[in-house]
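Down below is the structure, laid out as structure tokens.
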């Protein structure tokens with residue numbers, strides 16, 4: 001009886017173990033070149049199987065992509081260092097044996113939560129280069145992955161060098177041979193960038209984008225080629241970080257001799273965190289930033305249409321922007337204060353700068369000094385616009401000396417035109433800069449690439465290594481709408497102010513200078529009736545005496561010669 005009971009218990013345990021194994025290893029059958037939706041259970045695994053691999057296929061790559069949860073791809077059931085990789089965009093490469101037509105690997109969820117994503121297995125022939133086959137830096141022996149890191153300023157990708165293709169059962173070519181056309185040194189690496197739809201953080205948008213560019217033809221057709229690296233170049237590339245904007249990066253290795261190519265595993269980033277409760281991807285834009293730029297946008301709208309008419313207000317806005325920008329750069333580079341504290345101090349110094357510029361004009365009446373400040377600000381905006389174009393990605397401007405000399409020359413040339421046409425130049429500054437301030441206010445609430453016109457320059461001020469980054473950003477529907485708004489506001493403000501000020505003096509006079517001139521005129525011009533007018537104290541005393549005269553009692557008289 002006891003023996004029978006033990007047999008029953010054993011059968012129950014075996015069935016439970018089998019059930020657990022079935023739950024942890026849900027087999028999924030892949031078809032070469034076809035995308036497959038895969039869900040990995042909590043603390044579980046999925047076995048990936050593929051069969052009927054044609055004999056002409058020399059190696060295959062597995063890609064698995066999720067939006068923001070890490071997943072592990074592993075050669076073995078139990079992941080280990082050197083046989084697995086864990087990230088949101090992971091992949092494995094499988095060199096095939098001569099008679100091999102099937103293979104299997106495993107997908108796991110390491111984060112204690114279920115993971116869903118898409119996977120694909122892509123075949124390559126013996127003439128195609130092998131991505132990551134000459135790896136000496138990363139864990140996998142053959143590593144087709146692209147490793148991505150980002151911060152506020154830049155996004156950096158790194159990858160392992162590739163090797164030339166080889167047939168099944170043949171030893172791979174050596175990676176350390178001398179540079180010649182019969183080795184891996186002939187390979188070239190094209191770096192591509194693909195932007196996801198703007199303001200779209202949905203998982204569906206990412207998965208559609210990955211299906212579009214996972215293969216070589218898809219990325220070549222839809223992506224933007226940024227540069228080509230030779231085998232002698234470092235396999236590290238930097239880009240400008242664009243928080244909240246989805247970007248897919250891919251590297252396609254080409255063999256010019258065989259006229260063939262292969263793709264590394266594409267990676268994506270939003271340059272922000274989906275799990276952060278403060279300033280995550282879904283909550284980009286601090287409240288303090290929104291308040292700051294909302295006030296800035298209102299001031300810009302007034303300056304656009306009424307700046308020259310209310311000259312003191314315009315000077316305050318120009319002094320505020322001039323002082324706030326350089327103080328923010330200074331305090332960011334020299335301190336580690338919290339962002340909100342830095343923003344508050346920046347606003348305070350901006351107010352001080354605005355007051356100083358207004359008082360300088362009020363005391364000395366030097367219009368040209370104030371107009372030069374306006375010209376420098378307009379020159380800064382124009383120079384930033386020029387380097388926002390593809391011109392800014394030219395290799396010559398990756399040298400900081402060349403960049404800053406060219407940038408400064410453009411900034412300094414613009415005020416020269418203000419010497420000949422000061423009023424017109426000042427009105428143009430009000431229109432263009434004021435309308436751009438409105439665009440910045442819109443960016444505080446919804447993403448727009450136009451904010452990077454000046455933000456790229458600010459990043460280069462703050463980060464010494466930013467010169468290595470590609471600064472290209474996408475221009476999508478909202479950007480074209482805001483460009484139209486910018487142009488309409490600027491043109492309307494400029495035309496309106498030119499029309500209104502056509503019969504007025506070029507600039508309003510300084511109150512202090514007017515007061516000094518009036519005082520000097522009264523002292524020197526004896527023919528002026530106002531010269532013989534008693535002073536204000538004398539007139540007040542005469543008025544008091546006149547009032548007291550009417551209050552004297554009867555019988556008392558004021559002497560004639562008082």
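The values are calculated or read from the model by the stated rules, or taken from the named source; none is laboratory data. This one's a predicted model, so the numbers in the text were calculated from it and none came from an experiment. Methodologically, a virtual Cβ is constructed for each residue, glycine included, from the backbone with ideal geometry; neighbour enumeration extends over all protein chains shown.
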| Close pairs from region 337-360: first over 14 Å from residue 321 (Cβ atoms), partner crowded, with 19+ Cβ neighbours inside 10 Å and at pLDDT below 85, Cβ under 8 Å, at least 6 apart | 343/292; 360/370
| query | Taking residue 112, is it under 30 Å from residue 244 (Cβ atoms) and crowded, with 23+ Cβ neighbours inside 10 Å? | reply | no
| query | When the residues of region 161-178 are filtered to those that are touching a residue at least 60 places away in the same chain (Cβ under 8 Å) and crowded, with 20+ Cβ neighbours inside 10 Å, which remaining residue is nearest to the chain's Cα centre (by Cα)? | reply | 161
| query | So residue 9 fits all but one of (1) modelled with pLDDT under 90; (2) closer than 23 Å to residue 113 by Cβ; what number is the exception? | reply | (2)
| field | Residue within region 171-184 that is at pLDDT below 90, under 22 Å from residue 123 (Cβ atoms) and not in a loop (DSSP other than H, G, I, E, B) present | value | yes
| task | Just give me the residues in region 190-210 being surrounded by fewer than 18 Cβ atoms within 10 Å (Cβ to Cβ) and closer than 18 Å to residue 281 by Cα, in sequence order. | result | 197, 199, 200, 202, 203, 204, 205
| Can you name the condition, by its number, that residue 153 falls short on among (1) over 20 Å from the mean Cα position of the chain (by Cα); (2) surrounded by 14 or more Cβ atoms within 10 Å (Cβ to Cβ); (3) modelled with pLDDT under 90; (4) closer than 30 Å to residue 394 by Cβ? | (1)
| query | For residue 363, all conditions in the list (1) over 29 Å from the mean Cα position of the chain (by Cα); (2) closer than 20 Å to residue 431 by Cα; (3) surrounded by fewer than 18 Cβ atoms within 10 Å (Cβ to Cβ) hold save one; what is the number of the exception? | reply | (2)
| task | Could you please let me know if residue 136 is loosely packed, with under 15 Cβ neighbours inside 10 Å and either modelled with pLDDT under 95 or in the same structural domain as residue 466 (by TED's automatic domain parsing) (or both)? | result | yes
| request: Sort out which residues of region 216-240 are part of a loop (DSSP other than H, G, I, E, B) and either surrounded by 17 or more Cβ atoms within 10 Å (Cβ to Cβ) or within 19 Å of the chain's Cα centre (by Cα) (or both), and write them in order of number. | output: 223, 231, 235
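Let's see how each residue does on (1) under 11 Å from residue 115 (Cα atoms); (2) surrounded by fewer than 17 Cβ atoms within 10 Å (Cβ to Cβ); (3) not assigned by TED's automatic domain parsing to the domain that holds residue 127:
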site: 42; (1), (2), (3): yes, yes, no
site: 54; (1), (2), (3): no, yes, no
site: 69; (1), (2), (3): yes, no, no
site: 72; (1), (2), (3): yes, no, no
| note | Counting only residues that are assigned to a helix (DSSP H, G or I) and over 22 Å from the mean Cα position of the chain (by Cα), region 323-340 contains a total of 2
| note | Note: among 401, 411, just one is in contact with a helix residue (DSSP H, G or I) (Cβ under 7 Å, 6 or more places away or on another chain) and without any contact (Cβ under 8 Å) to a residue 40 or more places away in the chain, namely 411
| message | From the list 224, 186, 215, 158, exactly one residue is touching a strand residue (DSSP E or B) at 6+ places or on another chain (Cβ under 9 Å), outside the structural domain of residue 473 (by TED's automatic domain parsing), more than 18 Å from residue 250 (Cβ to Cβ) and touching a residue at least 40 places away in the same chain (Cβ under 8 Å). Which is it? | response | 186
| request: State whether the residues of region 295-317 include one that is farther than 30 Å from residue 185 by Cβ, crowded, with 17+ Cβ neighbours inside 10 Å, within 22 Å of the chain's Cα centre (by Cα) and in contact (Cβ under 8 Å) with a residue 12 or more places away in the chain. | output: yes
